[in-house]
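The numbers here are math on the coordinates, done by the rules we state, and not lab data. Keep in mind that this is a model prediction, so the values were computed, not measured. Note: ideal-geometry Cβ built from the backbone for every residue, glycine included; neighbour counts use all protein chains shown.
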Amino acid sequence: MKRLILSALFLSTAALPAAAQNIVITNAKLVIGDGSAPVEGGTVVVQNGRVVAAGRGVAAPAGARTVDAGGRFVTPGIVAGFTRLGIVEVDGVGPTNDAGASASVFNAALDVAGAVNPRATPIAINRSEGVTRAVVAPDNGGSIFAGQGAVIDLGNDMDAVTRPRAFQFMEWGEAGARAAGGSRPAAFAMFRNALFEAQGYGRNPASFADRGKDALLTRADAQALQPVLSGQVPLLIHVERASDILGVLALKREFAGLRPVLVGATEGWTVAREIAAAGVPVIASALADLPASFEQLAATQSNIGRMKAAGVTVAIGMINDDEARQARLVKQYAGNLVALSKIPGAAGLDWDAAFATISSLPAQALGMGSDIGSLAPGRRGDVVIWDGDPLEIGSMPTQVFIDGVEQPLGNRQTRLRDRYLVPTEQGLPKAYQR
Amino acid sequence: MLALAGGLAACANAGAQDARTASAAETPQGPGRGPGAGKGYDHDPYPSTYHPYPGQPTLVTNVTILDGEGGRIDGGSILFRDGKIVEVAQTIAAPAGATVIDGQGKWVTPGIIDVHSHLGDYPSPGVDANSDGNEMTGPVTAEVWAEHSVWPQDPGFGRALANGGVTTLQILPGSANLMGGRSVTLKNVYGRTMQAMKFPGAPYGLKMACGENPKRVYGSKGRLPSTRMGNIALDRATWLRARDYDRKWDKYEADGGEAPTRDLAMDTLRGVLDGEILVHNHCYRADEMAIVMDMANEMGYRVTAFHHAVESYKIADLLRARGVCSAVWADWWGFKMESYDGIGENLAILDRQGACAMIHSDDANGIQRLNQEVAKVMASARRAGIPVTKEHAWTWLGINPARALGIDRVTGSLRAGKMADVVLWNGDPFSVYTRPDKVWIDGALLYDAGNPRLRPVSDFELGQPGEGDVK
C-alpha cells in the first residue's frame with residue numbers, strides 16, 4: 001500500500017510540468033540559432049517560460065535565478081527536423097511501435113499526437129544530449145498519406161505535444177509508388193483523387209458519402225486533408241529524385257493552397273534553383289551520399305551546402321535513419337557539414353549556418369520559427385548550456401531547460417552504465433545495485 | 001596507460017590460450033596453409049590476385065602520428081617505399097627521390113580496419129537483384145562463402161575509402177542463420193573481380209549468429225529454431241557432425257585409404273575446429289554470449305570475436321578470461337529487443353577490464369565515420385571516469401581489428417615492414433571537423449582530397465548524375 005501511494009505521488013508530480021522559473025544565464029558563448037555567429041559574454045533571460053532577451057549587454061531582471069555559464073556555449077535546444085521520437089520504444093517490438101499501421105483503413109486521418117509517450121526511453125536519452133523539440137511524423141502504410149504529425153518537446157513531464165496535427169506527411173517517389181499499388185502514376189492518381197475527394201468534402205461535409213472500407217477516402221481522411229488543402233498546415237513530402245521533386249513543385253501550381261515541405265531530397269542540389277524559386281523548404285538527410293536506390297543516384301554530402309548556396313531554406317532531418325531513437329545524431333551531421341567545407345570541390349556550411357540547420361531552420365520549415373528554434377525574444381525558453389562545442393563529437397549539455405524548466409539529464413542508459421561500470425558482482429547480485 | 005597495457009594483453013592472451021592459434025602466429029596463416037593442405041583438398045580455390053598499385057617513396061614530416069598499437073609521436077615522420085612502411089620516427093632524413101609532404105597540423109594513422117561490413121554483398125543500390133548477403137533458406141549454411149556474393153562495383157567501397165579512410169574490411173554473410181557462411185577480408189581497392197580485392201593470406205572467418213534473427217527467420221517458417229534453446233541445440237548438433245567429419249579427414253590425411261565424401265559446410269566447420277578459420281559471432285545479449293563460450297569449449301573451437309555485442313560490458317570479466325574480443329558500435333541501441341541495453345560506454349568498460357575490444361560498422365554509412373564513432377566512445381569514457389588516450393583509442397581501429405582478422409602481422413599499425421596502409425588526416429581524426437586528406441594502400445596513393453583524379457568512381461556510377469562528385 002505504501003508503495004502504491006508513493007508511486008501515485010510520483011505520477012502526480014511528474015504529470016504536470018514543473019513551474020517555469022525566471023532564469024538568467026550569463027557569461028555565455030551565446031548562439032542565437034538563426035545563423036548568426038556566437039557572441040562572447042552573452043546573456044539569456046527567460047521569463048514565464050519564454051525568452052525575453054538574449055545578447056550582449058542584456059540587463060538581468062531582479063529576482064531571477066542566475067546561472068553563470070562560465071564562458072561555455074549556450075544555445076537554443078536542438079530541434080530534430082524529422083523523427084519518430086516518442087511513438088516508438090523498440091522498433092522491432094510491434095506493440096511498442098506506433099509509427100505506422102499498414103492494416104488500418106485510415107491514412108491521412110491518423111494522428112500521432114495521442115500516441116506520443118513522454119516516458120518512451122528515447123525521449124530522456126535525446127534530452128540528455130540537448131534535443132528539446134522534435135518533429136514527429138507517422139510512417140505510411142497502405143496509402144501515400146501517412147497521417148498527421150506533431151511537434152513535441154522532450155521535457156520530463158506528461159505534456160509533450162507542442163503542436164498536434166502540425167503537418168500531414170506523405171510518401172512520394174519509390175515509397176509512394178509502392179504504397180499506391182506499384183507505380184508513380186498510381187501515386188499521382190491516389191494523390192489527386194484524395195485531394196479532389198477532400199475538396200468535395202470541404203464544399204459540403206454533410207453530403208460526403210463515407211463508403212467505409214470500400215472508400216477511396218474515408219470521411220476522417222477527407223477531414224484531415226482540409227488544413228492541407230487550405231495551407232493551414234504544411235504537407236511534408238518524402239521525395240528523393242530530382243524529377244520527383246520537380247513534380248512536387250508542380251503540384252503546388254495545381255493545388256494553390258498547398259504548402260509542400262520536401263523531406264529527404266537527396267537529389268535536391270541538382271534542381272536547387274527551382275526549389276528556391278518555388279519557396280519550398282527542405283528537411284534534408286545530411287550525410288546520405290550513397291546511391292542507395294535509383295531515386296538517389298546523385299547522392300552527395302554536398303547536397304545541403306549546394307541547396308543553401310542556391311537560396312533554399314534547408315534544415316537537417318533523419319528520415320529512415322534511426323529517427324525513433326537517434327535524433328541526437330543531428331549534431332554530428334551538422335558538424336560533418338562544417339568539415340566538408342574544407343574539401344576542394346565539396347560544399348559544406350560554416351559553423352553558424354550548420355547550427356541553424358538543427359535549430360531555427362527546422363522550426364521555420366514547419367512554420368514555427370516564431371515559437372521555437374532560436375533564442376530570439378518571444379521564443380520558448382528551450383536553452384542548453386554545453387560543456388564544449390555542441391557540434392563537436394562528445395560535447396554534452398550540462399544543463400537543459402525546456403519552456404524555462406530545468407530538466408533531469410539521467411536516463412536508463414546512465415543507470416545501466418553506473419550499474420556495470422565495474423562488471424563484477426559486489427556482494428549481492430547486480431539486481432540489487434542501483 | 002594501464003588501460004592500454006590491459007587491452008593489448010587481453011588480445012595477446014587470446015592467442016596464447018589456444019595452441020593452434022599460437023602456432024599459427026609463428027607461421028604465415030591463411031587459405032591453403034591449414035592442416036591437410038596439399039593432400040586432402042584445396043583450401044584456397046579462389047585465390048587472391050590482388051597486387052599493390054604503384055606508389056612513390058613518400059615521407060610525411062612534422063605530423064602527429066598515432067601508430068595504431070598505442071604509440072604516438074608529435075611532430076614525427078613516417079617513410080614508406082615499395083608498398084611497405086620503412087620507418088616511423090621523430091625525424092627521418094628525406095631519401096633521394098622521395099615525395100615529401102609537410103604534415104603540419106595534420107595527423108597520420110594506419111588505415112582503418114572494419115571487421116564487420118556487408119559492402120559488396122548488400123551493395124548500393126539496395127535493390128533485390130543485388131541483395132546477396134543472407135542465404136535465408138536454411139538455418140545452417142556454412143557452405144556459402146560471402147566472397148561469392150561480393151559485387152566489386154559497390155559504390156560503398158569508394159565512400160569508405162574517401163570519407164572513412166578504410167583500407168581493409170571483412171565482408172560477412174548476414175545474420176539470419178546460425179552459421180551463415182564464410183567471410184572474406186578485402187583490401188579496399190576497386191578490382192574487376194572479387195579476387196583482385198582479396199587480402200592476400202588473410203584467414204577465412206565463419207559468421208555465426210545467436211539470438212533473435214535465426215529464431216525469428218526460421219521460427220516464422222515453422223521450423224527449428226524458433227527459440228534461443230533451439231538455436232543452441234541446432235548449433236551443437238551441427239558441431240557434433242563437424243567433429244565427426246574432422247576425424248574422418250584427419251585419419252584420411254594421416255593414413256590414406258578412401259577419401260571421405262566432401263561436404264562444403266563441413267569443410268568450413270572443420271577449418272574452425274582446426275584453427276584455420278576464425279569464428280565471428282553476431283550476438284547481443286551477455287547471457288547468450290556466456291552460453292556460446294561454453295558451447296565453444298564443449299565442441300573444441302574458439303570464438304575470435306562477438307560482433308555487435310551490445311551487452312559485452314556486463315560480462316567484460318568473462319570475456320577477458322576467455323580471451324574473446326568484442327566488435328561493437330559506439331551508440332546503437334533499441335532497434336530491437338536484444339539491443340535494448342546498449343550503452344555508449346560498452347567499448348570503454350571492456351577495454352578498462354582488459355578485454356579485447358574494437359569498433360565496427362555493419363553499415364555502409366557508419367563505415368565512413370568509424371573514427372568519429374571511436375570519438376564518441378572516448379567522450380562517454382571520459383564522463384564515466386575512464387581515461388582513454390587518443391593513441392590508445394586508435395588500437396580499436398587498428399591493431400585490435402587486425403588481430404581479430406588474423407592479419408596483424410602485416411597491417412593494423414605503423415610499424416616498419418608492414419603494409420603501407422596509411423591515412424593522412426587534415427586534422428585530429430577524433431574531431432567532427434576532420435576528413436581524410438590522403439589515403440595510401442600498400443603505399444599507393446588511392447585517394448587525395450586535393451586531386452579530383454584520385455577519387456574512385458565505380459562502374460555503376462559512371463555516366464549517372466553526380467558522377468565524380470565529391471562524395
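Mean per-residue shielding of peptide A:325-333 is 3, counting Cβ atoms of other chains within 10 Å of each Cβ.
Placing +1 on the Cβ of every Lys and Arg and -1 on the Cβ of every Asp and Glu, with nothing else charged, gives region B:358-449 a dipole about its Cα centre of roughly 300 debye.
Can you give the mean number of other chain Cβ atoms that lie within 10 Å of the Cβ atoms in peptide A:334-346? The per-residue average across the peptide is 5.
Here A:Asp418 and B:Ala321 are evaluated by their C-beta separation; at R0 = 22 Å the FRET efficiency comes out at 0.40. When you count the other C-beta atoms within 10 angstrom of each residue and take the mean per peptide, B:306-313, A:228-235, B:427-434 line up highest first as B:306-313, B:427-434, A:228-235. Amide H to amide H distances under 5 Å link B:Val100 with B:Leu59, where only residues 5 or more positions off or on other chains count and H is placed in the peptide plane.
In this simple spin-label approximation, A:Lys342 and A:Ala59 carry label points 7 Å from Cα along the Cα→Cβ vector, and these lie 4.5 nm apart.
Backbone amide hydrogens, once placed in the peptide plane, bring B:Trp145 within less than 5 Å of B:Arg182, excluding anything fewer than 5 places away on its chain. Using a cutoff of 8 angstrom between alpha carbon atoms and counting only pairs six or more residues apart, the relative contact order for chain B works out to 22 percent.
For region A:78-372, the equivalent ellipsoid derived from the alpha-carbon gyration tensor has semi-axes of 29, 23, 17 Å in decreasing order. Only helices enter this figure: runs of n ≥ 4 DSSP H residues, each worth -39500 (n - 2.57), summed and divided by the residues of the protein assembly as shown, yield -8000 deg cm²/dmol at 222 nm to the nearest 500.
Taken one residue at a time, the phi angles of region A:258-269 give Karplus couplings (6.51, -1.76, 1.60, θ = phi - 60°) of 4, 10, x, 10, 7, 10, x, 6, 3, 8, x, 4 Hz. Gly and Pro are set to x.
For region B:336-341, backbone phi angles converted through the Karplus equation (6.51, -1.76, 1.60; θ = phi - 60°) give residue-by-residue couplings of 8, 4, 6, 9, 5, 9 Hz, Gly and Pro being listed as x.
Only one residue of A:Gly86, A:Val338, A:Pro260 has its Cα farthest out toward the positive end of the dipole of chain A, where Lys and Arg carry +1 and Asp and Glu -1 on Cβ, and that residue is A:Gly86. Can you tell which of A:Ala288, A:Ala209, A:Ala80 shows the greatest fluctuation in a Gaussian network model of chain A with Cα springs below 10 Å? It is A:Ala209. Using R₀ = 45 Å, calculate the FRET efficiency as 1/(1 + (r/R₀)^6) where r is the Cβ-Cβ separation of B:Val100 and A:Asp352; round to 0.05. My answer for the efficiency is 0.75. Packing, as the average of other Cβ atoms within 10 Å across residues, places the peptides B:237-249, A:130-142 in the order A:130-142, B:237-249, highest first. Centre-to-centre separation between the Cα atoms of region A:140-198 and those of region A:246-304: 17 Å. Projecting label points 7 angstrom from Cα along Cα→Cβ for B:Tyr53 and A:Gln426 puts them 5.4 nm apart. Note that region A:139-153 has calculated 3J(HN,Hα) couplings of 9, 8, x, x, 8, 5, 7, 8, x, 9, x, 10, 10, 10, 9 Hz, one per residue in order, obtained from phi through the Karplus relation 6.51 cos²θ - 1.76 cosθ + 1.60 (θ = phi - 60°); glycine and proline are x.
Judged by the mean number of other Cβ atoms found within 10 Å, the most tightly packed of the peptides B:452-459, A:245-252, B:263-270 leads the ranking B:263-270, A:245-252, B:452-459.
Label zone of B:Asp459 (point 7 Å out along Cα→Cβ, amide N under 19 Å): in region B:122-156 this covers B:122-133, B:147-156.
A Cβ-based charge dipole, computed about the Cα centre of the protein assembly as shown with Lys and Arg at +1 and Asp and Glu at -1, lands at about 1360 debye.
Can you pull the semi-axes for region A:177-317, root of five times each eigenvalue of the Cα gyration tensor, sorted largest first, whole Å?
That gives 31, 17, 11 Å for the three semi-axes.
Close amide H partners of A:Val261, meaning residues 5 or more places away or on another chain with modelled amide H under 5 Å apart, are A:Leu235, A:Leu236, A:Ile237.
Taking all Cα pairs closer than 8 Å and separated by 6 or more residues, the relative contact order of chain A comes to 19 percent. So how far, in whole Å, is the C-alpha centre of region B:283-354 from the one of region B:405-471? If we compute the Cα centre of each part, the gap is 30 Å. Mean partner shielding of peptide A:408-416, defined as the number of other chain Cβ atoms within 10 Å of each residue Cβ, is 3.
In the protein assembly as shown, a dipole from Cβ-located charges (positive for Lys and Arg, negative for Asp and Glu) runs towards its positive end, and of B:Val60, B:Ile315, A:Gln301 it is B:Ile315 whose Cα lies farthest in that direction.
Placing R0 at 51 angstrom, the Cβ-Cβ distance between A:Arg192 and B:Ala196 gives a FRET efficiency of 0.50 after rounding to 0.05.
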